[in-house]
1. Could you please let me know if ARG34 is free of Cβ contacts under 8 Å to residues at least 12 places away in the same chain and either out of contact with any strand residue (DSSP E or B) (no Cβ under 8 Å at 6 or more places or on another chain) or loosely packed, with under 14 Cβ neighbours inside 10 Å (or both)?
2. Do any residues in segment 7-26 that are among the charged types (D, E, K, R) and modelled with pLDDT of 90 or more have Cβ atoms under 9 Å from those of residues that are assigned to a loop (DSSP other than H, G, I, E, B) and open to solvent by 90 Å² or more (accessible area, probe 1.4 Å), where the two are at least six apart or on different chains, and which pairs are they?
3. Can you name the condition, by its number, that ARG34 falls short on among (1) over 16 Å from LYS69 (Cα atoms); (2) in contact with a Leu (Cβ under 8 Å, 6 or more places away or on another chain)?
4. Could you please find all residues in segment 37-50 being open to solvent by 30 Å² or more (accessible area, probe 1.4 Å) and in contact (Cβ under 8 Å) with a residue 24 or more places away in the chain?
Amino acid sequence: MKDIKVVKRKLADLKQAENNIRMHPEKQIKELIRSVEKHGQTRLLVIDEKNVIWIGNGLYQAMVQMGLKEAHCLLK
C-alpha cells in the first residue's frame, strides 16, 4: 500500500478529474461556503500525485468561489 499523507496545496494547482460525473448544484456550493466560513476546512480534499481531486470536488469549488488560495489535502 502506498504512503498516505496530509499536504497543503494551492487551489490553483489542483485539477478536477475529467471523468467526475458528480454535479454540485449552486445550492450545495453555497452551503459548503457557509460551512467553511463558520468552521473552516473540516474535511480534506483527496488528491493523487498529479494534483487531481478524487474526493471533495464540491468543497474545492466552494473554496475557489470564496477566494481561498490553499487547501489541506490527503495525498493518496
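1. Numbers: free of Cβ contacts under 8 Å to residues at least 12 places away in the same chain: yes; either out of contact with any strand residue (DSSP E or B) (no Cβ under 8 Å at 6 or more places or on another chain) or loosely packed, with under 14 Cβ neighbours inside 10 Å (or both): yes.
Yes.
2. Matching pairs, first to second residue: LYS10/LYS69; LYS15/LYS50.
3. Only one criterion is unmet by ARG34, namely (2).
4. We begin by selecting, within segment 37-50, every residue open to solvent by 30 Å² or more (accessible area, probe 1.4 Å); these are 37-39, 41-44, 49-50.
GLU37, GLN41, LEU44, GLU49, LYS50, listed by residue number.
The values are calculated or read from the model by the stated rules, or taken from the named source; none is laboratory data. From a predicted model like this one, the values you see are computed outputs, not experimental measurements. Because the Cβ atoms are built from the backbone with ideal geometry, glycine has one as well, and the counts that use them run over all protein chains shown. The protein model used for the area step is the full one, side chains on, heavy atoms only, and it has no ligands, DNA or RNA in it. Shrake-Rupley method; radii C 1.70, N 1.55, O 1.52, S 1.80 Å.
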